[in-house]
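Computed from the coordinates by the stated procedures, all read-outs in this text should not be read as laboratory data. On a predicted model such as this, the values are computed, not experimentally measured, just so you know. Reconstructed Cβ throughout: ideal geometry from the backbone, glycine too, with neighbour counts over all protein chains shown.
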Amino acid sequence: MSGPILVFDSGVGGLSVAAALRQRLPRAALAYVCDNAMLPYGTKPDAWLVARIADVCCAAVAASGASALVVACNTASTLALRELRARLSIPVIGTVPAIKPAARATRSATFGLLATSATVRRPYTDTLIRDFAAHCRIIRVAADTLVVQAERKLRGERVDIVEIDRELAPFWVVGELDTVVLGCTHFPLLRDELNACAPRPITWIDSGDAIARRVESVVTSIEHASETGPAWASAPGPALTKALKAHGFDSPQILQALSAPLPLE
Ligand code: DGL
């Protein structure tokens with residue numbers, strides 16, 4: 001099946017995954033879709049999210065003619081992969097927190113999980129921890145404000161380093177902690193700021209390359225990239241265009257054919 005590999009996220013976080021895909025599959029055509037009208041996802045109710053994610057992804061797959069969908073969002077993947085696979089006939093590759101690599105990387109059997117408030121409490125995350133890191137002590141930190149900070153950074157706005165520092169503080173009181181899982185695709189975009197806040201060397205682990213490897217093994221025929229990839233958004237605008245352009249995507253088109261979102265209580 002031909003067609004681009006469609007990368008989906010609530011906002012610009014999926015660009016960290018798109019960068020890993022471009023590194024591993026430099027000639028593959030990529031397309032991007034984000035539901036930035038409804039950002040952040042990490043604070044929304046589960047039932048609302050499942051319906052919305054399925055709606056956005058189905059509309060974007062139809063618009064792009066994608067041959068595969070990469071759900072470049074931990075908050076969406078830990079909740080909605082089953083629904084997406086049931087609704088779509090193309091391969092769906094998810095992004096889940098890199099618990100297994102972190103359990104291997106830590107030398108003190110103590111690591112952090114930095115993610116959205118939805119991802120840190122999901123049963124999917126509990127299962128990953130039980131299966132791959134039962135012997136480790138894990139400090140879970142929900143940091144939804146970092147999603148907003150990463151969005152600001154990619155739009156060329158000022159990042160609030162004091163706020164980032166405050167969010168990370170629970171990690172530093174645990175002296176043995178040597179590794180942190182970046183369990184939200186927005187967070188690798190803040191790697192410089194995260195390093196600047198760390199009082200000691202920390203191994204930050206994201207899922208980007210693991211996803212790219214998975215895509216490489218799943219996608220059998222790859223459509224070749226043209227200069228830039230098409231993009232769709234639920235709320236296109238100049239700031240988003242700037243961020244997407246810097247990552248090799250066209251100005252986003254409005255994503256048509258979306259149902260009205262369910263009411264949020
Ligand atoms: N980038 C998304 C993730 O990986 C979440 C951002 C949001 O809360 O919207 O979880």
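What the table below lists for this structure:
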quantity: Considering only the chain, percent of DSSP beta bridges that pair antiparallel, nearest 5; calculated: 5
quantity: Other-chain or far-sequence residues with amide H under 5 Å of Ile205's (modelled H); calculated: Val180, Val181, Leu182
quantity: Under 5 Å, built H, 5+ apart or other chain: amide partners of Ala225; calculated: Ala28, Ala29
quantity: J(HN,Hα) series, segment 223-236, from Karplus relation 6.51 cos²θ - 1.76 cosθ + 1.60, nearest Hz, glycine and proline x; calculated: 6, 7, 6, 8, 3, 10, x, x, 9, 10, 8, 7, 9, x
quantity: Overall form of segment 86-173 per C-alpha gyration tensor (a/c, 1.5; a/b vs b/c); calculated: oblate
quantity: Share of pairwise Cα separations in segment 143-203, more than 16 Å, in percent; calculated: 39
quantity: Using θ = phi - 60° and Karplus 6.51 cos²θ - 1.76 cosθ + 1.60, couplings along segment 5-18 (whole Hz; Gly, Pro as x); calculated: 8, 8, 9, 10, 8, 5, x, 8, x, x, 5, 5, 6, 4
quantity: Cα gyration tensor shape of segment 121-265, rounded if a/c is under 1.5, else prolate or oblate by comparing a/b with b/c; calculated: prolate
quantity: Spatial separation of Cα centroids for segment 72-120 and segment 143-212, in angstrom; calculated: 16
quantity: Qualifying trypsin sites (Lys or Arg not before Pro) in segment 42-125, DSSP loop, other Cβ atoms within 10 Å at most 11; calculated: Arg107
quantity: Kirkwood Rh in Å, taken over all unlike Cα pairs in the chain; calculated: 18.5
quantity: Inter-site label distance for Arg24 and Thr127 at 7 Å from Cα along Cβ, in nm; calculated: 2.2
quantity: Relative contact order, percent, segment 1-159 [alpha-carbon distance under 8 Å, six or more residues apart]; calculated: 24
quantity: Using θ = phi - 60° and Karplus 6.51 cos²θ - 1.76 cosθ + 1.60, couplings along segment 114-123 (whole Hz; Gly, Pro as x); calculated: 10, 7, 6, 5, 5, 5, 5, 10, 5, x
quantity: Approximate shape of segment 1-147 as ellipsoid semi-axes (Cα gyration tensor, √5λ), whole Å, largest first; calculated: 27, 18, 14
quantity: Equivalent-ellipsoid semi-axes of segment 44-128, from the Cα gyration tensor, Å, largest first; calculated: 28, 15, 9
quantity: Between segment 215-232 and segment 1-58, the Cα center-to-center distance that results, in Å; calculated: 14
quantity: Peptides ranked, highest mean first, by Cβ atoms within 10 Å: ranges 19-26, 226-233; calculated: 226-233, 19-26
